[in-house]
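What follows is a short report on a single structure.
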Amino acid sequence: MPPVSVDNQRQFVEFPLVQREGQYVIDFNRLDAVMADSQNKAIIVCNPHNPGGCVWTTTELQRLQDIANAHHVLVLADEIHDDVAFSDNLPVSMLSDLMGSEAASQTVLMKSATKAFNLAGVKCAFLAVKNPALLATLKHAAAAEAIEEVNTLGVVATQTAYEQGAQWLTEVNAYLEENRNLAYEYLRENIPMIRPMYPEGTYLMWLDFMAYDLSDDELDEKLRSLGHICLNRGIDYGQTGSGFMRLNFAVDRDVLKDALQRLKAFDTAVRKK
């Protein structure tokens, strides 16, 4: 259970996504059943999804919002990665008018410039709501937890990123899109036992290593010892991440090519044993 849930005297309910044709999808019938439990008060929606990389469609988000409205469930929309958007898929915010008028009353947008603009060190994020009553509740909670203040550097950096960083971000996203395509095509053509999910957003690629039939610890150890590469362990993102690893492709293209060659070396070495 995530520490933030425990620290706030809340119970965390895990809702695994379903894999279909190499991509995550939402089981809406099961989601409706889970939300129908009166003890479930809020849902966190990550769009674009981390670590899967999928961008939920407007239709999917509208259906999710309709279910939440029907059961009076607060929607916490984590859209921290939505600035990393590629030409083939643009995210829609859950605070968009496309979600309907009811969304305003029970949706909290959670956002930061830190992912797209590489500003994690400034530790600055923000919430956005349309409902005045909900805003008052959030302000009261922030004051009670003494977290309503942010550092000056974080504010200036965030404001500068959004006001002056558009051209820079456009160029970065174009570079990342080429990196994504390179990594995805290389893995499918050269290391078919590693099955990548196609990232529609974010700069992260979710890699399925289950064909190697290794435990999570064995997989991590062999990647390090045979491939000389360290990836984010999928198991760290929950039990459904077992057998997966996460690759960050927001790097110089030569670094990415080197990483892919190391994955190839791992594959070759493992299959020889």
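The values are calculated or read from the model by the stated rules, or taken from the named source; none is laboratory data. These figures come from a predicted structure and were not determined experimentally. Note that each Cβ is placed from the backbone with ideal geometry, even for glycine, and that neighbours are counted across all protein chains shown. Remember, those area values only see protein heavy atoms, side chains included, never the ligands or the DNA or RNA. Shrake-Rupley method; radii C 1.70, N 1.55, O 1.52, S 1.80 Å.
Having 1 or more residues that are farther than 20 Å from Pro196 by Cβ and in contact with a strand residue (DSSP E or B) (Cβ under 9 Å, 6 or more places away or on another chain) is the bar; report the helices (runs of 4 or more DSSP H) wholly within the stretch 1-111 that clear it. Steps first, please.
Details: elements: 3-7, 28-35, 58-70.
Ranges flagged: 28-35, 58-70.
Take the residues in the stretch 14-36 that are modelled with pLDDT under 90 and open to solvent by 60 Å² or more (accessible area, probe 1.4 Å), then tell me which one is nearest to Trp56 (Cα to Cα). Steps first, please.
As a first pass, look at the stretch 14-36 and keep what is modelled with pLDDT under 90: 14, 21-22.
Cutting the leftovers down to open to solvent by 60 Å² or more (accessible area, probe 1.4 Å) gives us 14, 21.
On the way: Glu14: 19, Glu21: 15 Å.
Here the answer is Glu21.
What are the residues in the stretch 142-165 that are open to solvent by less than 50 Å² (accessible area, probe 1.4 Å) and of a type in the set (A, V, I, L, M), if any?
Ala142, Ala157, Ala161
How many residues are among the hydroxyl-bearing types (Ser, Thr, Tyr) and in contact (Cβ under 8 Å) with a residue 12 or more places away in the chain when one looks only at the stretch 97-110?
2
Report every pair of residues separated by at least 6 positions or lying on different chains whose Cβ atoms are under 8 Å apart, first residue within the stretch 11-23 and within 14 Å of Gly53 (Cβ to Cβ), second in a loop (DSSP other than H, G, I, E, B) and open to solvent by 50 Å² or more (accessible area, probe 1.4 Å).
If the second residue must be in a loop (DSSP other than H, G, I, E, B) and open to solvent by 50 Å² or more (accessible area, probe 1.4 Å), the pairs left are Leu17/Asp27; Gly22/Tyr198; Gln23/Tyr198.
Kindly provide the set of residues from the stretch 48-63 that are touching an Asp or Glu at 6+ places or on another chain (Cβ under 6 Å) and more than 23 Å from Gly243 (Cβ to Cβ), ordered by number.
Once the filter is applied, which keeps residues that are touching an Asp or Glu at 6+ places or on another chain (Cβ under 6 Å) and more than 23 Å from Gly243 (Cβ to Cβ), the stretch 48-63 yields only Val55.
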